[in-house]
Amino acid sequence: MSSLTEKDRPIVQLLLNTGTCPRCILRFCCVGSQMLYRHPHEDLLKALQDFLSQEKEGPACLDVVEPPCKRIRLELGSGGAAETHNGAAPPLPDGGGAATDCSALNVCNVCLGILQDFCEADFVKKVCQKVNSADYQFTSFVFSVSLPPQLSVRERAAWLGVKQQMRNLGLPLAKDDIIQLKEAYKWIIHPQLSEELGVPADGKSLFEVSVVFAHRETDEECHFLATACPDCFKPAKNKQSVFTRMAVIKALEKIKEEDFLKHFPCPPSSPKNLCAALEIQCNNGAVFVAGRYNKYSRNLPQTPWIIDGERKLESSVEELISEHLMAEFKADSFNFSSSGREDVDVRTLGNGRPFAIELVNPRRIHFTAEEMKRLQQAINDSSDKIQVRDLQLVTRSAIGRMKEGEEEKTKTYSALIWTDKAIQREDIAFLDDIKELKLDQKTPLRVLHRRPLAVRCRLIHTMKSEYIDEHHFRLHLKTQAGTYIKEFVHGDFGRTKPNIGSLLNRTADILELDVESVDVDWPPTLAE
């Protein structure tokens, strides 16, 4: 049973008199019963008042079985800061219920109203209305909360006040840990949210509902810490205030107890204002879609081709695929990746090139195999420049197999080659006998602006020539992934050695290049 004992009486008396709400009082008495915190504010206040009015004989039961709980350690001597931020349920600025005592009507001097107004059913409904209006698909949720930084300061001040009171009374302080504010808040809010949303709370859920609380007196109340510990507070470009949660906690760990007591009342005084819920946000974990694409155009880049802010070509492989996925998954944005890439004038044939798209914060996440087939067909019907196959949902970890193959696997190419001097069949026949030809390829001039200068060793596993006429032949190559084929043909001013030109002892250039296969066995092939 959860109960208050005689040792808790001075804690209850002190905190109740200084404007602390009943739930925070339970936290400072280390009451770990989840159900107890869910009782109405008025009932808890009355129970505490009755406890104080009882004669001093044994423990006073407040109710309920106590489950295991997380706790936060507050150092008694040097004062490790209480982390009271992140990870609980959401609240919006709204009034709580009527109270039976003046302290119930005032904003709590410790939680700034988090365990008062923002635990009420009206606020929970507002949160759920926001979630439902965002039109997400989800089967569970995880709730997170961002609390005003000065809650750590007020928590410390309340604890020091309690500690001082117990010393004055000559009473032992058996425990020095209190229930975390965010944990108590979670106990109260989660059941209400689950009931209203119709799904369970799950710490591993990919669907997150978060609430950001703020308080207008944050800078004012934390300012003394900046004077005492200036090294802890450094301006950041993306932060409006230097008084962030982590900076305040760091300062509280450094400041001496006597210095803290000089600058902040212990227990803390009543605040002038209630917290405000600045925003309620929803976010679904990313969904990953994979497949293979064929590219049939010699005038289509893989990704948008933009130079100095000017678009060079109207579309790209990435855009032709992603626009359909973005619309169906209702995502905020996407990230495209593939097993290597081809140049704008290179086709990708055969089984295509493996690709994956990360869809960020999608509203829709559930698709049947049949729906994915229809989506694939919609992409293929929209353009004659590309086709996709094996379109499917995959996990984040599975994408690693595609990236592994980018450097480890082999690729097959077909190159149409021109020579300045006339050739006969026998002049190129010897290429068919060359196996495992080692190349030294210095970073090509055409990519030097985006790739570091280096010499890369690559292998041409096999070659097969196909004579066309005196100045043209087709060469089929199986190479190590990462080989620059165009440079292997023309030599790149001697930066690739050996090359087709040096092997034939004449000038050679490449007219057309096709990727015929990318030998990565991912994603899994799907039945037609």
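The values are calculated or read from the model by the stated rules, or taken from the named source; none is laboratory data. Computed from a prediction, not measured in an experiment: that's the story for all the values here. Backbone-built Cβ (ideal geometry, glycine too); neighbour counts: all protein chains shown. Heads up: the accessible areas ignore ligands, DNA and RNA and are worked out on the full protein's heavy atoms, side chains in. Shrake-Rupley method; radii C 1.70, N 1.55, O 1.52, S 1.80 Å.
Mean residue ellipticity, 222 nm, helices only, the chain: the sum of -39500 (n - 2.57) across DSSP H runs of n ≥ 4, divided by residue count and rounded to 500, is -9000 deg cm²/dmol.
As a fraction of the 1.4 Å probe accessible area of the chain, surface on carbon and sulfur atoms comes out at 49 percent. In the structure shown, do any of Lys295/Lys373; Lys250/Lys403; Lys7/Lys272; Lys385/Lys442 have a Cα-Cα gap over 29 Å, and if so which? Correct reply: Lys250/Lys403; Lys7/Lys272; Lys385/Lys442. Give the angle, between 0 and 90 degrees and rounded to the nearest 10, that separates the Cα long axis of helix 121-133 from the longest principal axis of the Cα atoms of the chain. It is inclined by approximately 10 degrees.
The mean sequence separation of alpha-carbon pairs under 8 Å and at least six residues apart, normalised by the residue count of segment 286-407, gives a relative contact order of 41 percent. Annotation: extensible slack from Arg446 through Arg389 equals 17.4 nm (criterion: 0.36 nm per residue apart, minus Cα-Cα distance).
Could you grab the relative contact order for the chain? Cα pairs under 8 Å, six or more apart, rounded to a whole percent.
RCO, the chain: 13 percent.
Here the label points at Gln49 and Asn17, each 7 Å from Cα along the C-beta direction, are separated by 1.7 nm in the simple model. For the pair segment 444-502 / segment 184-213, the C-alpha centres are spaced 58 Å from each other. Spacing of the modelled spin labels on Ser140 and Leu171, each 7 Å from Cα toward Cβ, amounts to 4.2 nm. Sorted on the mean count of surrounding Cβ atoms within 10 Å across their residues, most packed first, peptides 419-428, 327-336 read 327-336, 419-428. Using 1/(1 + (r/R0)^6) with R0 = 35 angstrom and r between the beta carbons of Ser397 and Lys497, what's the FRET efficiency to the nearest 0.05? It comes out at approximately 0.30. The residues neighbouring Ile379, those whose beta-carbon lies less than 14 Å from its own, together hold a net charge of -2 under the Lys/Arg +1, Asp/Glu -1 convention. Full extension of the segment from Lys464 to Glu528, taken as 0.36 nm per residue of separation minus the current Cα-Cα distance, would add 19.8 nm.
Note on Asp420 and Thr368: with the Förster distance fixed at 51 Å, the Cβ-Cβ geometry gives a FRET efficiency of about 0.30. The coefficient of translational diffusion for segment 273-350, derived via Stokes-Einstein from the alpha carbon Kirkwood radius under 10 °C and 1.306 mPa s, stands at 103 µm²/s.
On a per residue basis, the chain carries 47 Å² of accessible surface, using protein heavy atoms and a 1.4 Å probe. The calculated FRET efficiency for the pair Lys330 and Tyr296, based on their C-beta separation and a Förster distance of 30 Å, comes to about 0.50.
Per-residue packing, averaged as other Cβ atoms within 10 Å, sorts the ranges 409-418, 465-474 into the order 409-418, 465-474, beginning with the highest. Near Lys497, within a Cβ-to-Cβ distance under 13 Å, what is the net charge of the other residues, with Lys and Arg +1 and Asp and Glu -1? Combined, the nearby Lys, Arg, Asp and Glu give +2.
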